Amino acid sequence: MSFQGQQAKPEVDKPHILVKDFMTKKVISFRWNQTLGEVIETLLEKGLSGGPVVDSNDDLVGIVSEGDCLKQLVKGKYFNNPSLGVSISEFMDTDVKTVSQNLNILDAAQMFLSLRLRRFPVVEDGKLLGQISQKDIMRAVHNLKDNTW
């Protein structure tokens, strides 16, 4: 007969690997007042699919994607009124999902899986610190040792 009672099972902690350990810190970002033409040139030249948009204080104000640009470009061509001079502030996405640099990498992975986004800007106090992509998360999770799961 045991007088110990039922023992609590120890919780297995998630590895303490944070977004800041894998994020890209040198992010190509755009200014809110850049033109469609400037953004398209940068996206094509750098092989990017989009990027964060910041104001003059480097506060994140939106995100622009190649899809956003393509939509504007096609609309202009369709109406025979290409407007490469339009500011991206007129069509960028301002409802941006962001993450903290101190978020656990496994929690970030879950956000990617549930929200089905390609990238998250990393922000602290409104300031853009970097960006983390699905590929960054995949690299981080792949590098976890089997015994840390």
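The values are calculated or read from the model by the stated rules, or taken from the named source; none is laboratory data. This one's a predicted model, so the numbers in the text were calculated from it and none came from an experiment. Note that we place each Cβ from the backbone using ideal geometry, even for glycine, and neighbour counts take in every protein chain shown.
Of the residues screened, Gly76 is not one that is within 27 Å of Leu18 (Cβ to Cβ) and either touching a residue at least 40 places away in the same chain (Cβ under 8 Å) or surrounded by 15 or more Cβ atoms within 10 Å (Cβ to Cβ) (or both).
Asn102 fulfils the conditions (1) touching a helix residue (DSSP H, G or I) at 6+ places or on another chain (Cβ under 8 Å); (2) surrounded by 12 or more Cβ atoms within 10 Å (Cβ to Cβ); (3) of a type in the set (S, T, N, Q) except for a single criterion, (2). Would you point out the residue of the stretch 29-53, among those that are of a type in the set (A, V, I, L, M) and within 8 Å of Ile88 (Cβ to Cβ), that is surrounded by the fewest Cβ atoms within 10 Å (Cβ to Cβ)? Across the stretch 29-53, the extreme among qualifying residues is Leu36.
Residue under question is Val27, and the condition is that it be in contact with a strand residue (DSSP E or B) (Cβ under 8 Å, 6 or more places away or on another chain) and either among the aliphatic types (A, V, I, L, M) or modelled with pLDDT of 95 or more (or both); does it hold? Explain how you work it out, then say what you get.
Working: in contact with a strand residue (DSSP E or B) (Cβ under 8 Å, 6 or more places away or on another chain): yes; either among the aliphatic types (A, V, I, L, M) or modelled with pLDDT of 95 or more (or both): yes.
When the stated conditions are applied, Val27 passes them.
Yes or no: the stretch 76-95 includes at least one residue that is at pLDDT 90 or above and over 20 Å from Leu43 (Cβ atoms). Yes, that holds for at least one residue. Assessment of the stretch 111-125 against the conditions (in a strand (DSSP E or B), charged (D, E, K, R) and over 19 Å from Leu48 (Cβ atoms)) yields at least one matching residue. Search the stretch 96-111 for residues being free of Cβ contacts under 8 Å to residues at least 60 places away in the same chain and more than 23 Å from Asp59 (Cα to Cα), and hand back the single one that is farthest from the chain's Cα centre (by Cα). Out of the qualifying residues, it is Gln110.
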